[in-house]
Amino acid sequence: MLFDAREDGVAVITINRPETRNCLARDVREGLAAAWDRFERDPALRIAVLTGAGDKAFCAGGDLKEMVETGMTVPPRDLFPLPYDTIELTKPTIAAVNGVAFAGGWMLAQACDLCVASTTARFAVTEVKVGRSSPWAAPLIHMIPQRIMMEILLTGAPITAQRAYEIGLVNRLAEPGAVLDVALDLAREILANAPLSVRAARETVMLATEMGRSAALQAARHASETCYRSDDAQEGPRAFAEKRAPRWTGR
């Protein structure tokens, strides 16, 4: 696993096993868990970009050889280090999908807040083709229509990056070789905004996803109080009035 803590506040996490199409072998899972933990604990890092080494695969999924060797039945709850699921994160994440994102690779891309994909990338939930299951895909219903989700899970057939973009799974498309650059551009757009406002915005989206309308409104108001009472909430309007760039402090 490669971890690049950039001075601009972006952590670039790279799954570095191109010879195995960046599959989620034990050492990759352990490295990914450590990388997420490092990102969350470093206050200088505000957003993470997850990508894969090489130009063939973002992540080809779980290690099927390991499953055979261990006779794996139901995967342990903490087997895969998933952002906002088995790994607790409070900061935004972007998947930069440079190649195939199959099974566990789709799972990782789905778990991140945003997704940038190469025009040559492909996505698939292939578990039905190898006798496994994909319970982790349940939240996908909040991202794409039911019948499209049904087809993807029942057939296991890959979809193109363009199709993924059309159905709302991907935020932005990039030419091959430019995926990381486009993801970093997206990260910089987010970094330009007030940190507490970004956090409140992310919480609002997740609350709205998980709750009914009235409950989500009430919870979102509560989640926004820290932002509203911050110094940045005064700095933003002041900077606008003075026609200058705001100086965010995150307080």
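The values are calculated or read from the model by the stated rules, or taken from the named source; none is laboratory data. Note that the structure is predicted; figures quoted are calculated from it, not measured. Here the Cβ is made from the backbone with ideal geometry for all residues, glycine too, and neighbour counts use every protein chain on show. For accessibility, only protein heavy atoms count, side chains too; no ligands or nucleic acids. Shrake-Rupley method; radii C 1.70, N 1.55, O 1.52, S 1.80 Å.
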Residue range of the chain that is longest and free of GluC sites (Glu not before Pro) which are both DSSP loop and sparsely packed (at most 13 other C-beta within 10 Å):
89-241
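Compute the length gained on full extension between A208 and Y84: take 0.36 nm times their separation in residues and subtract their Cα-Cα distance, giving the result in nm to one decimal.
Gain in length upon complete extension: 43.1 nm.
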Total charge dipole magnitude, the chain, about the Cα centre, Cβ charges on Lys, Arg, Asp, Glu only, Debye to nearest 20:
440 debye
In nm, to one decimal, how far is the K65 label point from the M150 one, both placed 7 Å along Cα→Cβ?
3.9 nm
In terms of the Cα gyration tensor, with a ≥ b ≥ c the square roots of its eigenvalues, is segment 100-251 rounded because a/c is under 1.5, prolate because a/b exceeds b/c, or oblate?
oblate
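Using a probe of 1.4 angstrom, how much of the accessible area of the chain is carbon and sulfur, in percent?
Details: 7240 of 13540 Å².
That fraction is 53 percent.
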Starting from the Cα of T20, step 7 Å toward the Cβ, then list every residue of segment 37-67 with an amide N under 18 Å from that point.
51-67
List the lysines whose alpha-carbon lies under 20 Å from that of K129, not counting same-chain residues fewer than 8 positions away?
K65
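What accessible area per residue, rounded to a whole number of Å², is obtained for the chain using a probe radius of 1.4 Å? Write out the running numbers ahead of the final one.
Working: 13540 Å² over 251 residues.
Per residue, the chain has an accessible area of 54 Å².
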Listed highest first by mean packing, meaning other Cβ atoms within 10 Å per residue, what order do 245-251, 105-111 come in?
105-111, 245-251
